[in-house]
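What follows is a short report on a single structure.
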Amino acid sequence: MSEYAMSINGKQVRSEAAEDSFAVLNPATEEAFARAPECSESQLWAAVEAAQRAFGSWRRDEDARRKALLTAAERLAEKTPEIARTLCLEQGKPLAQATGELLSAVAQLKATAGMPIPREVTQDDAKAKIEITYRPFGVVAAITPWNFPVLIAMSKIAPALLGGNTVVLKPSPYTPLATLALGEVLNSVLPAGVLNVVSGGNDLGGQLTSHPLVRKISFTGSIGTGKKVAQAAATDLKRVTLELGGNDPAIVLPDADVQALAARLYWSTFFNCGQICLAVKRIYVHETLFEPLTAALTKLAQSTVVGEGLDPKTQVGPLNNAMQLERVIALTDDAKRRGARVHAGGERLGRKGYFYPPTVLSNVTDDMLIVAEEQFGPVLPVLPYRDVEDAVQRANATHFGLGASVWGRDLARAAEVAEQIDSGTVWINQHVALTHKAPFTGAKQSGIGRASGRWALESFLQEHVINTNRG
Ligand code: NAD
């Protein structure tokens, strides 16, 4: 069974004792196919101290950083087929989508390498010169979940490194391998200690966030863990960015063209087996469109090919892990017990692997767990409404506030409704359409801080003001 290694101070490092590694399962077979090191406390300290040492010179030469990121992008592109296969095996997603995730990470690295680092002069006259530069924090702790391990890791390390920070990255124990491989590739280009990648369980995350040398934490994961990270950060006031869960509503207005939007809405829900923070997680549809929309979504669900990621015909893979499968089963069974109607799916597939088919539910109420909680899986509740105001109120009645969408032909009316929704992003006639031209941010408990494009870069920089008196 292949053994992966961590990147610590530029070296490839295994666990201290052979028995201190852990098995990584293929969710399509439930069988272990590789092992990852369990990082010891002393290895974690070595990684953070290496990052701190590397910071001194890495922060100095902006041009060298840009060049290094571009070369790293080339190396990662060369390794994409190999790492995509690993990602497919450990995460469960179809190989083509795993390849797409790697290529998006390459593109992000290239785009970030070309971003300007802000610098501004707000006064320059006979009285004073006020100059503001933006400088790195130092060692960044980056912690990632299991749904898009490579892309989310890159969304942190590319801007952190361009800004002159150094990084210790910890992936989820369910999907450490592609990230460890990413660390090895990037370390063939970067100076020792600039990017360290360590693997282990949740406790390792806690040790990393409470390490005194870490100055900034960039965390993506659940709201529950995000609160623990915020507490750890508070001890010595580390800066913190939290990208947390969502329970995104989609509101379908009475004038929407159901046939035109059904497939877009469907794949905004079921892509990556519904394991996307920004997936559509509940639909509020005007009562006049409820039947045609439910029928169209059901037809799509029944014709979706569910299977192993390595099979080229597969459109939706398994859920990533047993815990997530149990959660999806529990929320769906709760709805069924309380009278939900199952239009498609609704039962775990009778085969090995964490497979749950695309499921469409109706006759559900807002207080059912499948509507009120984040399912993070392939189950979609469809709820009719009569008045748009009522749909908006129900969409907003949650502590989540990540994304939302409004669907309709009259774009001005859709924008009016979008205006009333309390979330970081509201899309019109689309969903999960991330772009570097806008910040990605969560309202309410869905997060603190901003990612994407220049907002991501700025989140890894702190202002430094020089104010000269010329009087
Ligand atoms: P999780 O919170 O269980 O784990 C995320 C990471 O945190 C893992 O690496 C885990 O090992 C680590 N961790 C666990 N306990 C920790 C602690 N006490 N201190 C520090 N680190 C700790 O989340 P998950 O189940 O891996 O991911 C699913 C969740 O992530 C969903 O809620 C989803 O919506 C959210 N998510 C959000 C975004 C976003 O950008 N907003 C993107 C993807 C996923």
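Taken together, the values in this text are just the output of simple stated rules run on the coordinates, not laboratory data. On a predicted model such as this, the values are computed, not experimentally measured, just so you know. Positions of Cβ are generated from backbone atoms using ideal geometry, with glycine treated the same way; all protein chains shown enter the neighbour counts.
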Quiz item: Exactly one of (1) over 24 Å from residue 452 (Cα atoms); (2) within 13 Å of the ligand (Cβ to nearest atom); (3) among the charged types (D, E, K, R) is unmet by residue 227. Its number?
Solution: (1)
Quiz item: Are any of the residues in segment 55-67 buried (at least 19 other Cβ atoms within 10 Å of the Cβ), away from the ligand (no atom under 16 Å from the Cβ), farther than 30 Å from residue 34 by Cβ and not charged (D, E, K, R)?
Solution: yes
Self-check item: Set 435, 441, 365: member being within 16 Å of the ligand (Cβ to nearest atom) and surrounded by fewer than 18 Cβ atoms within 10 Å (Cβ to Cβ)
Solution: 435
Quiz item: If you go through segment 271-293 one residue at a time, do you hit one that is more than 21 Å from the chain's Cα centre (by Cα), of a type outside the set (Gly, Ala, Ser) and more than 30 Å from residue 415 (Cα to Cα)?
Solution: no
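This table checks each residue for (1) part of a helix (DSSP H, G or I); (2) in contact with a His (Cβ under 8 Å, 6 or more places away or on another chain); (3) among the basic types (Lys, Arg).
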site: 12; (1), (2), (3): no, no, no
site: 16; (1), (2), (3): no, no, no
site: 32; (1), (2), (3): no, no, no
site: 35; (1), (2), (3): no, no, yes
site: 44; (1), (2), (3): yes, yes, no
site: 50; (1), (2), (3): yes, no, no
site: 57; (1), (2), (3): yes, no, no
site: 60; (1), (2), (3): no, no, yes
Exercise. Consider residue 279 carefully, then state whether it is under 22 Å from residue 101 (Cβ atoms) and within 16 Å of the ligand (Cβ to nearest atom).
Key: yes
Practice problem: Among residues belonging to segment 397-425 that are crowded, with 17+ Cβ neighbours inside 10 Å, touching an Asp or Glu at 6+ places or on another chain (Cβ under 8 Å) and not hydroxyl-bearing (Ser, Thr, Tyr), point out the one that is farthest from residue 221 (Cα to Cα). | Solution: 408
Quiz item: Looking only at strands (runs of 3 or more DSSP E) that fall completely inside segment 348-455, which ones have 3 or more residues that are in contact (Cβ under 8 Å) with a residue 24 or more places away in the chain?
Solution: 359-362, 379-385, 403-407
Quiz item: Of all the helices (runs of 4 or more DSSP H) wholly in segment 250-338, which have at least 3 residues that are surrounded by 19 or more Cβ atoms within 10 Å (Cβ to Cβ) and without any contact (Cβ under 8 Å) to a residue 12 or more places away in the chain?
Solution: none
Practice problem: Considering only segment 414-471, state which residues are within 15 Å of the chain's Cα centre (by Cα), on the phi > 0 side of the Ramachandran plot and polar (S, T, N, Q). | Solution: 452
Self-check item: segment 72-84 - residue that is over 16 Å from residue 36 (Cα atoms) and not small (Gly, Ala, Ser) and, of those, surrounded by the fewest Cβ atoms within 10 Å (Cβ to Cβ)
Solution: 78
Quiz item: Looking at segment 444-459, which of its residues are under 27 Å from residue 157 (Cβ atoms) and within 16 Å of the ligand (Cβ to nearest atom)?
Solution: 445, 446, 447, 448, 449, 450, 451, 452, 453, 455, 456, 459
Practice problem: Quick one: in segment 217-249, of everything that is in a loop (DSSP other than H, G, I, E, B) and in contact with a Lys or Arg (Cβ under 8 Å, 6 or more places away or on another chain), which residue is surrounded by the fewest Cβ atoms within 10 Å (Cβ to Cβ)? | Solution: 238
